[in-house]
Every structure is written in structure tokens, then in C-alpha cells.
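First up is the structure itself, then whatever we jot down about it.
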Amino acid sequence: MRRNLVSLLELEGYQTFSAENGRIGIEIAKREKPDLILCDVMMPEADGWTVLRSVREDASIATTPFIFLTALGEKIDIRTGMDSGADDYLTKPAGRQELFSAVSARLERAKVHAAQAQVPTRSFHPDFSSPAPLESMGLTAREAEVLLWVAQGKSNADISIILGMAEATVKRHLSNLFEKLGIESRNAATLLALEVLGGPPSLQ
């Protein structure tokens with residue numbers, strides 16, 4: 001499966017590095033400093049939790065987007081993965097479109113963060129503690145909750161678990177808020193939400 005994933009990613013134009021176990025994966029991540037890490041949970045020598053912890057504890061790669069791709073698909077496993085600091089959690093067998101959508105979304109979000117970090121004269125600290133400010137955009141309380149988690153990079157599956165609603169309901173709320181805000185993508189929704197949650201940038 002690892003070889004198949006590498007082939008798929010390279011056909012899409014991505015440069016890849018692969019590792020047969022977690023220990024080697026950590027070494028490669030620290031040496032190559034990739035733009036994104038796609039990792040299993042159950043691996044020899046160092047499991048996925050160990051890899052994630054090692055990545056987050058190394059300042060040079062701590063903010064690297066990290067996606068779990070694993071056969072552990074129970075809700076408790078997904079919640080544990082997200083609570084541990086993973087950016088996304090896909091269960092095997094993940095479809096080609098699902099995989100590339102997740103990879104593309106995390107890389108795009110990383111670009112947004114990098115662009116914000118390159119503005120030295122202003123500080124930007126969005127407040128994710130409450131969805132209430134998002135209601136000022138004409139959203140219902142539930143739509144605002146969904147958008148709050150979208151702005152933090154969570155997938156529909158993640159949001160359904162966090163908010164305790166069916167994934168189809170999450171999709172319906174997303175469709176409604178997209179229509180209300182006059183947008184067509186999660187990235188556009190995220191940018192609008194960050195503008196509201198961040199408030200006016202303050203001069204340093």
C-alpha cells in the first residue's frame with residue numbers, strides 16, 4: 001500500500017520520501033523537512049503516535065501538516081488522533097479523491113499560515129474559543145459552530161464527531177453557509193472566518 005501511495009502521489013507531481021517503519025520516518029522527516037507528512041498508526045519500531053509526538057517536539061518541523069492514514073477507524077481512534085495534534089485522519093481504504101483532497105487542503109492551509117507569518121508589522125491571533133462572532137455573518141448558531149471547526153482545518157468527518165451530528169448534517173450546514181456567504185470552497189470560508197475571528201490586526 002505504501003508503494004501504491006507513493007506512485008499515486010508522484011503521478012500527481014509530488015516529490016515523495018517513504019519509510020518502512022516509524023523510526024526511519026522520523027529520521028527522514030527531520031532530515032528532509034517535508035511540506036506534509038502522511039503516516040500510518042500501526043507500524044514497527046515506532047508507532048504513529050510516537051512519530052507525531054516526535055514531529056511536534058522538533059521546532060524545525062513542528063508545524064508540518066500531519067495526516068494519519070490508518071485502518072483504525074473507530075470514533076475513539078479518530079478523536080484520539082485529532083486530540084493528539086494530527087491535522088487530519090483518514091481511514092483505510094481511503095479513496096483517491098479523498099486522499100488528494102486532504103493533502104491539497106492541508107498544503108493550502110499551510111501556505112495561508114506561511115503568508116501570514118511573512119507580515120512582520122502585524123500580529124494575527126484568531127480566537128477559536130467561541131463560534132458566536134461568526135453569527136454576525138448571518139449564520140445560525142449551528143452553522144457558526146461548523147464554520148469554526150472548518151477554519152481550524154477539520155474535515156467533515158472530524159466535525160461530525162466533535163459536534164455529535166451526522167456527517168450529512170455537517171454537509172448540509174456547509175452548503176447553507178456557503179450560499180449565505182456567497183462562496184464555493186472551504187478555503188474561502190476559512191479566510192472569511194479568520195477575518196472575523198482575528199479581528200483587526202494589531203501593530204507590533
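The values are calculated or read from the model by the stated rules, or taken from the named source; none is laboratory data. Everything quoted here is computed from the prediction, not taken from an experiment. Heads up, the Cβs are rebuilt from the backbone with ideal geometry, glycines too, and the neighbour counts pull from every protein chain shown.
A compact table of results
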{"read-out": "Count of residues meeting criterion [more than 23 Å from Ala105 (Cβ to Cβ) and of a type outside the set (Gly, Ala, Ser)] in the stretch 50-68", "value": "4"}
{"read-out": "Unmet requirement for Leu194, which otherwise passes all of (1) farther than 27 Å from Leu9 by Cβ; (2) modelled with pLDDT of 90 or more; (3) outside any loop (DSSP other than H, G, I, E, B)", "value": "(2)"}
{"read-out": "Search result, residues across the stretch 63-107 that are in a loop (DSSP other than H, G, I, E, B) and out of contact with any Leu (no Cβ under 8 Å at 6 or more places or on another chain)", "value": "Thr63, Ala71, Leu72, Gly73, Glu74, Asp87, Pro93, Gly95"}
{"read-out": "The one condition in (1) at pLDDT below 90; (2) more than 18 Å from Asp88 (Cα to Cα) that Leu5 fails to fulfil", "value": "(2)"}
{"read-out": "Failed item, numbered, when Pro34 is tested on (1) over 22 Å from Ser104 (Cβ atoms); (2) in contact (Cβ under 8 Å) with a residue 12 or more places away in the chain; (3) part of a loop (DSSP other than H, G, I, E, B)", "value": "(1)"}
{"read-out": "Ala188 modelled with pLDDT of 85 or more, in a helix (DSSP H, G or I) and more than 22 Å from Gly85 (Cα to Cα)", "value": "no"}
{"read-out": "From Lys171, Lys180, residue being basic (Lys, Arg), in contact with a helix residue (DSSP H, G or I) (Cβ under 9 Å, 6 or more places away or on another chain) and farther than 16 Å from Glu98 by Cα", "value": "Lys180"}
{"read-out": "Selection from the stretch 58-102 of residues that are among the charged types (D, E, K, R) and within 28 Å of Ala114 (Cβ to Cβ)", "value": "Asp58, Asp83, Asp87, Asp88, Arg96, Glu98"}
{"read-out": "Enumeration of residues in the stretch 47-75 that are within 16 Å of the chain's Cα centre (by Cα) and closer than 12 Å to Gly25 by Cα", "value": "Leu52, Val55"}
{"read-out": "Subset tally (residues that are crowded, with 18+ Cβ neighbours inside 10 Å and under 12 Å from Asp40 (Cα atoms)) for the stretch 71-87", "value": "2"}
{"read-out": "Single match in Phe17, Phe68 (criterion: exposed (fewer than 14 other Cβ atoms within 10 Å of the Cβ), touching a helix residue (DSSP H, G or I) at 6+ places or on another chain (Cβ under 6 Å) and aromatic (Phe, Trp, Tyr))", "value": "Phe17"}
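The rows are residues; the columns are (1) in contact (Cβ under 8 Å) with a residue 12 or more places away in the chain; (2) of a type in the set (S, T, N, Q); (3) within 20 Å of Glu32 (Cβ to Cβ).
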{"site": "Glu57", "(1), (2), (3)": "no, no, yes"}
{"site": "Ile61", "(1), (2), (3)": "yes, no, yes"}
{"site": "Leu72", "(1), (2), (3)": "yes, no, no"}
{"site": "Ile76", "(1), (2), (3)": "no, no, no"}
{"site": "Arg79", "(1), (2), (3)": "yes, no, no"}
{"site": "Asp88", "(1), (2), (3)": "yes, no, no"}
{"site": "Pro93", "(1), (2), (3)": "no, no, no"}
{"site": "Gln97", "(1), (2), (3)": "no, yes, no"}
